[in-house]
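Here, each number is a calculation from the coordinates, and none is a lab measurement. It should be emphasised that the depicted structure is a prediction, and the values quoted were computed from it without experimental measurement. Here Cβ is always computed from backbone atoms with ideal geometry, including for glycine, and neighbour counts include all displayed protein chains.
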Amino acid sequence: MTWWQRLWRRRKMEDQLEKELRFHLDQHASELIARGHDPQEAQRQARLALGGPEQVISDSLRSTDTPQLAILRPRLDASPILTICRNPTKEPFMVSTVAPSPLLGLELVPLYTTLFPTFPNTLPFPFAVLPYYHFLGRSFFLPGTFPL
Amino acid sequence: MQEKSDLRQGTLDLLILKVVALGPVHGYAIAQRLEQVSRGVVQVPQGSLYPALHRLENRGLLAADWEETESGREAKFYRLTRKGRTQPETEAASWRRLIEAVGLVLKMSEGSAE
C-alpha cells in the first residue's frame, strides 16, 4: 500500500484493527474463563493485558507510516476536511458544518495553516506546487514570492 | 516458575516471523505460541504485538487475510511472503553470531574473576 493509499484508507485500517483487537480480547477472556475465572474478571484482565485498544490502534497505524506521513500525521489527524473525505457517511455533523465552509471561503485560513508549513515540501515537485497554484492563482508564482 | 524476560528491540520481529513460518496464524495465537515455546520466558507485550505485525505487513514480510476460525469467528491470519521467508534466516544467523560473541565476552570475564 502506498503512503497515499494509507492516508485515505485510515478509517478502514482503524476498523480492521479494532476488529482484530476485539477478537484478541475475546480469545483471551474465553481462555481465562475456561481456567475458572469469573467472566467479568476475565474481561477486565484481558483488557489490562492488552493495554488501551486506542493506544494499540494508534501505535499500529503509526508503525506503518512512511517518514513523510509520520511528519504530517498530527496535522492530518486534526484536519476536519480529511476526516470528512475519508468517510463522509460516518461524519454527518462535520459534513453539514465544515464541508460547506470552504465554499464560503471560511475554511481557507485553517486549511493553509495546516498544509503550508510541511505538506508541499514533502511531495514531489508537481504535486507540491498544485495546492498553491490551485488556491492562490498564477500571481502567487511571480519571482520572489514563491514560498518554497 | 520461569523468570520472564524483556525482548530486545528487533527481536520481536524475528520471533514473529519464525512463528508465522510454521503456517498461517492470527495475532493471539502468535503470542500464545511464543510463550509456550519459550516455556513462559518470552512474554510478548500484547500492546507491542500488533504494531509489530502491521510493521512487518507493511514491509512486505507478512501478508494477511481474514479467515474463519474453528469457533466460526473471523480473524486476521498472517502468513509469510516470499520476502518474509528469507529474512528470518538472515536475522537468525546474525543473532547466533551475537550470542556467540556475548558468550565469549562472558567467558572471558568469568575467567578473570576466578
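Per-residue mean of foreign Cβ neighbours for B:19-32 is 2 (Cβ atoms of other chains, 10 Å radius).
In the stretch A:6-67, taking the dipole from charged Cβ atoms about the Cα centre, the farthest positive-side position among A:23, A:13, A:48 is held by A:13.
For chain B, what is the mean residue ellipticity at 222 nm derived from helices alone (per DSSP H run of n ≥ 4: -39500 (n - 2.57); sum divided by total residues; nearest 500 deg cm²/dmol)? Let's see the in-between values first.
On the way: 4 runs with 66 residues, N = 114.
Only helices count here, giving -19500 deg cm²/dmol.
Counting Cβ atoms of other protein chains within 10 Å of each Cβ in A:22-32 and taking the mean gives 4.
Within 10 Å of each Cβ in B:48-58, how many Cβ atoms from other chains are there, averaged over the peptide?
On the way: counts 5, 4, 12, 11, 3, 4, 11, 6, 2, 4, 7.
For peptide B:48-58, the averaged partner shielding equals 6.
Remark: spin-label model distance residue B:99-residue B:11 equals 1.1 nm, labels positioned 7 Å along the Cα→Cβ axis.
Using R0 = 25 Å, the C-beta based FRET efficiency linking residue A:26 and residue A:54 works out to 0.90.
So if R0 is 22 Å, what FRET efficiency would residue A:19 and residue B:86 give, r being the distance between their Cβ atoms, rounded to the nearest 0.05? All intermediate terms of the calculation are to be shown ahead of the outcome.
Working: r = 31 Å, r/R0 = 1.40.
E(calc), rounded to 0.05, equals 0.10.
Look at B:74, A:20 and count the other Cβ atoms within 10 Å of each Cβ; fewest to most, that gives B:74, A:20. Please name which of B:51, B:28, B:84 has its Cα lying farthest along the dipole of chain B towards the positive end, using unit charges on Cβ (Lys, Arg +1; Asp, Glu -1) and the Cα centre as origin. Of the candidates, B:84 comes out farthest on the positive side.
Local charge sum around residue A:42 (other residues, Cβ-Cβ under 13 Å, Lys/Arg +1, Asp/Glu -1)? That works out to -1.
Shape call for the stretch B:15-85 from the C-alpha gyration tensor, a ≥ b ≥ c root eigenvalues: rounded (a/c under 1.5), prolate (a/b greater than b/c) or oblate? Since a/c reaches 1.5 but b/c is at least a/b, the shape of the stretch B:15-85 is classed as oblate.
Taken about its Cα centre, chain B carries a charge dipole of roughly 300 debye when the Cβ of each Lys and Arg holds +1 and the Cβ of each Asp and Glu holds -1.
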